[in-house]
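These notes are about the structure you will find just below.
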């Protein structure tokens, strides 16, 4: 998608369906001329001051029929989202009104915006950098308050500033090297390689710290997957309902009620957690039940954390130990359910070589559910993480940070073995390129198209 600065775009900015309002956004050089053509109200749009709201009607210029009663907002460049002339039309909610207003605008000369094109114009026009543009999409897709707050901070430019500072430091080292190479014949000493190496090591440490922080905080955006597994009739579905605070799964005293996986996501202290209830794992001759057991085993492999549910009122049997020993122990939390009954479950040390995190719960009266939620949270989030950040790393950032780290490590190695600063300079230039691409410097149209194609139309 190429930005054509001589055209004007429009799109519905509010979700489809019934609602109190619909908002149609228009941006580009012809915004006011088109607004004059379709609007009849208290003032003429093209003659109005910026950031004023006009009351009136949208009409069809061809028939002069009134389409809707609206408020029309005038936003003059460059103090707008796109840094272009912008008009926003607020009409009554509903699909018919918004569709008819948009049709009138298109018939009057605007083009329907591509996905993310308003934000792309904001980037092209220098209002935001690429990381900030991506933060807009993250804010729209945020599933928890903590994720939304982190996206707002990233939109404020902290991560961009950090990356920009690292890139500036890399370019400064490159300039020192080139000064040493250019002026050695004129009597100036070549910049001491030990000093260059010291600067590179400092940048490398800071880059690793940024990368590690970003990797940890990906869990804030992507969330975690928690599987509830165990034998039939140990209370998995009842526990799921307690964790969700609503009756999502069918509960019955007869074993084998759950035949398929059930997924639901909650906000757990700012962390998106997807719970997956699975079929009871046991030997069965029922082909449908076996499909459910197979899916349960798949969930065990995919889950970030596995809650192995055990009936605390019964002694552990071989099936319990089989489930426990089939899962990497660091991903297991043992939940001893039915603690309202007499406790009979005891782990036999010779049947498993690990000590598991464990907790007692009762699906009958809800005892231990809050403690279980906290155990889940603490099992995923380590103590050294402040669980909100201005670093919300996506796959593009991840790739470019990795490439920058690798190139910087090569440059440090070259300087360490004294192969020559001119050789290291090649790698250092690549570090600057990869860091620059994160914030959108010297980046190709193909990458931009990929980034903005993930936005909704109207943003």
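Where a number appears in this text, it was derived from the coordinates with a stated rule and is not lab data. Since the structure is predicted, the reported quantities are computational estimates derived from the model, not experimental observations. Backbone-built Cβ (ideal geometry, glycine too); neighbour counts: all protein chains shown.
Based on the mean of other Cβ atoms within 10 Å per residue, sort peptides 420-427, 124-131, 222-229 so the most packed one is first.
Averaged packing, sorted descending, gives the order 222-229, 124-131, 420-427.
Mind pulling up the Rg/Rh value for the stretch 59-186? Radius of gyration and Kirkwood radius, both on Cα.
1.22
What FRET efficiency comes out for the pair residue 457/residue 246, r = Cβ-Cβ distance, R0 = 41 Å, nearest 0.05?
That pair, residue 457 with residue 246, gives E of 0.75.
Please report how far the C-alpha centroid of the stretch 123-148 lies from that of the stretch 196-212, rounded to the nearest whole angstrom.
So the separation of the two Cα centres works out to 27 Å.
So how long is each side of the stretch 93-165 along the principal axes, counting just the alpha-carbon atoms, biggest first, in Å?
Computed over the Cα atoms, the extents are 47, 30, 13 Å.
Calculate the spin-label point distance for residue 402 paired with residue 355, positioning each point 7 Å from the Cα along the beta-carbon direction, and give it in nanometres.
Going from the residue 355 label point to the residue 402 one covers 3.7 nm.
Label-point separation (nm) for residue 60 and residue 441, each offset 7 Å from Cα along Cα-to-Cβ?
Reported label-point gap for residue 60 and residue 441 is 5.3 nm.
Step by step: find N for the stretch 9-128, compute 2.2 N^0.38 Å, then divide the Cα radius of gyration by it. What's the final number?
0.98
Starting with the highest mean, order 15-23, 265-273, 110-118 by the number of other Cβ atoms within 10 Å, averaged over the residues of each peptide.
Taking the mean over residues of other Cβ atoms within 10 Å, the ranking is 110-118, 265-273, 15-23.
Round to the nearest 0.05 the FRET efficiency obtained for residue 263 and residue 346 when R0 = 25 Å and r is the Cβ-Cβ distance.
Taking R0 as 25 Å, the efficiency between residue 263 and residue 346 is 0.15.
At a Förster distance of 22 Å, what's the computed FRET efficiency of residue 418 paired with residue 168, Cβ-Cβ distance as r, to 0.05?
0.25
What Kirkwood Rh does the stretch 1-69 have if only Cα atoms enter the pairwise 1/r average? Answer in Å.
Result for the stretch 1-69 stands at 13.7 Å.
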